[in-house]
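Colleague: Provided herewith is a single structure, encoded as structure tokens, for subsequent inquiry.
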Amino acid sequence: MKKLIAMLLALSMLALTACAFPGLPQWPAGDTVPDEIPDKPADGSLTETGGGLKQPEDGKQEEAEEPEEERTEPVTIEDLWDALYAVGLPEMVLLDAEEQFGRCGVDPEKVSQSIIAVCTDSGRMDELWLIEAESMKAAKEIQQLAESHLTRKSGECISSAPDQYEIVQQAYLRREGRYVILLVSPLVEVLRELAEELLCLPKE
């Protein structure tokens, strides 16, 4: 009888404890109660259980690295010339270094790459300067030479080829860094866009 009363008292104490602390974890009958109850992380983040995946404890998802953008390198002056000529330019002759200096004033010592082409038809004023100067200072000097050259070319049109005057007036001259580009052609807009794209120049 005493043993029965003791068992009833023990059960009553367990019931009272469960009511007083309802947040304690409950285990199904027959399961073994673990020696230690794991604490819930204060930040509510997930932890690894049973070898599964876990979320980082700071609650932030790891971001995948974005692939690096491919950088397009500008083409050489020779490649640029080939592309522009393929647009549909008339037959042209390329000036050598001595002729570039004698006819246009471009010092070969101040350029790293250069092509100056003039139309073989004396009745046309088509002309291209594609130059990469050795320095920024040299590029500015070559730009000034190109401006003076265009002024002389405009004067020649008035007497020898008046129908070409407007083409010369619409010529494209640009210096960007060490590049100097002069385009005199009826196709100047097409040539300009292609040159800016191939040399990776910002749009004007």
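The values are calculated or read from the model by the stated rules, or taken from the named source; none is laboratory data. Keep in mind the model is a prediction, meaning the values are calculated, not measured. Because the Cβ atoms are built from the backbone with ideal geometry, glycine has one as well, and the counts that use them run over all protein chains shown.
Colleague: Given (1) among the aliphatic types (A, V, I, L, M); (2) assigned to a loop (DSSP other than H, G, I, E, B); (3) under 24 Å from E98 (Cα atoms), identify the lone condition not met by L201.
Modeller: The one condition L201 does not meet is (3).
Colleague: Only residues that are surrounded by fewer than 17 Cβ atoms within 10 Å (Cβ to Cβ), over 20 Å from G88 (Cα atoms) and not acidic (D, E): list them for the range 178-204, please.
Modeller: Residues satisfying the conditions are C200, L201, P202, K203.
Colleague: Where residues in the range 101-119 are in a helix (DSSP H, G or I) and more than 35 Å from the chain's Cα centre (by Cα), which of them is farthest from R192 (Cα to Cα)?
Modeller: G102
Colleague: Could you tell me whether L183 is more than 23 Å from E99 (Cβ to Cβ) and not in a helix (DSSP H, G or I)?
Modeller: No; evaluated as a whole, the condition is false for this residue.
Colleague: Please specify each residue of the range 116-156 satisfying the condition of being over 18 Å from E99 (Cα atoms), crowded, with 18+ Cβ neighbours inside 10 Å and hydrophobic (A, V, I, L, M, F, W, C).
Modeller: A138, A139
Colleague: Follow-up question, since we're still on this one. Could you go through the range 166-177 and let me know if any residue there is surrounded by 15 or more Cβ atoms within 10 Å (Cβ to Cβ), modelled with pLDDT under 95, aliphatic (A, V, I, L, M) and over 20 Å from D82 (Cα atoms).
Modeller: No, because not a single residue in the range 166-177 is surrounded by 15 or more Cβ atoms within 10 Å (Cβ to Cβ), modelled with pLDDT under 95, aliphatic (A, V, I, L, M) and over 20 Å from D82 (Cα atoms).
Colleague: If you go through the range 120-168 one residue at a time, how many are in contact with a Ser or Thr (Cβ under 6 Å, 6 or more places away or on another chain) and of a type in the set (V, I, T)? Break it down stepwise before answering.
Modeller: Step one: filter the range 120-168 for residues in contact with a Ser or Thr (Cβ under 6 Å, 6 or more places away or on another chain), giving 126, 131-132, 134, 168.
Among the residues that remain, those that are also of a type in the set (V, I, T) are: 131, 168.
Number satisfying all stated conditions: 2.
Colleague: Do you know which of the residues in the range 138-176 that are of a type in the set (D, E, K, R) and part of a helix (DSSP H, G or I) is farthest from V106 (Cα to Cα)?
Modeller: D163
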